[in-house]
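The values are calculated or read from the model by the stated rules, or taken from the named source; none is laboratory data. Computed from a predicted structure; not experimentally measured. Ideal geometry is used to build each Cβ from the backbone, glycine not excepted, and the neighbour counts take in all protein chains shown. Calculation scope for accessible area: heavy atoms of the full protein, side chains included, ligands and nucleic acids excluded. Shrake-Rupley method; radii C 1.70, N 1.55, O 1.52, S 1.80 Å.
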Amino acid sequence: MDITSDPRFRNFFSAHLDLERGYENTGELRPTLLSFRDSYVDFIRSGFEQIMSDENFGPAEYERLTNIEFPDKETLHTYLREMYDYLFNDAPEQPLPPE
């Protein structure tokens, strides 16, 4: 199954990483995510891992989820890795998408 078609995955991106909220760096995204049930956090982690390893997931697919444009696949995948590290590996700051 394509993770990006799952409403729970789409909702996480549209609610927390969309054009309006994706450029906020309040430090609240990780605590917000981790306040959900472990099964949901594991689901989002797995979804991130899936899109990061999916050669077909690129800027157009991310824009459909968030309305944020990325100039190329490399920039997007760097951002996704940094976001994954922030959410799940204790990176100190939430990354921001390109301006």
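Within region 24-38, if we keep just the residues that are polar (S, T, N, Q) and open to solvent by 80 Å² or more (accessible area, probe 1.4 Å), the residue that is farthest from TYR79 (Cα to Cα) turns out to be SER35. Pairs are defined by a Cβ separation below 8 Å, a sequence spacing of at least 6 or placement on different chains, a first member in region 85-99 that is closer than 14 Å to ILE44 by Cβ, and a second member that is at pLDDT 95 or above and exposed (fewer than 12 other Cβ atoms within 10 Å of the Cβ); no pair meets this definition. Any residue that is of a type in the set (Asp, Glu) and at pLDDT below 95 - is there at least one of those in region 21-39? Taking every residue of region 21-39 in turn, at least one turns out to be of a type in the set (Asp, Glu) and at pLDDT below 95.
It is to be established whether one or more residues within region 69-78 are open to solvent by 70 Å² or more (accessible area, probe 1.4 Å), among the β-branched types (Val, Ile, Thr) and over 12 Å from the mean Cα position of the chain (by Cα). Taking every residue of region 69-78 in turn, none turns out to be open to solvent by 70 Å² or more (accessible area, probe 1.4 Å), among the β-branched types (Val, Ile, Thr) and over 12 Å from the mean Cα position of the chain (by Cα). Within region 1-23, restricting attention to residues that are closer than 18 Å to ASP85 by Cβ and without any contact (Cβ under 8 Å) to a residue 40 or more places away in the chain, the residue that is surrounded by the most Cβ atoms within 10 Å (Cβ to Cβ) is PHE12.
Considering only residues that are exposed (fewer than 14 other Cβ atoms within 10 Å of the Cβ) and free of Cβ contacts under 8 Å to residues at least 60 places away in the same chain, look in region 55-64 and name the one that is nearest to the chain's Cα centre (by Cα). It would help to see each step written out before you state the result.
Initial filter on region 55-64 (exposed (fewer than 14 other Cβ atoms within 10 Å of the Cβ)): 55-56, 60, 64.
Among the residues that remain, those that are also free of Cβ contacts under 8 Å to residues at least 60 places away in the same chain are: 55-56, 60.
On the way: GLU55: 16, ASN56: 16, ALA60: 14 Å.
So the residue we want is ALA60.
Quick grid of which residues meet (1) more than 14 Å from the chain's Cα centre (by Cα); (2) closer than 19 Å to GLU93 by Cβ:
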site: PHE9; (1), (2): no, no
site: LEU17; (1), (2): no, yes
site: PRO31; (1), (2): yes, yes
site: PHE36; (1), (2): yes, no
site: SER39; (1), (2): yes, no
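Only a single item in (1) of a type in the set (A, V, I, L, M); (2) more than 12 Å from the chain's Cα centre (by Cα); (3) modelled with pLDDT of 95 or more is not met by ILE44, and it is number (2).
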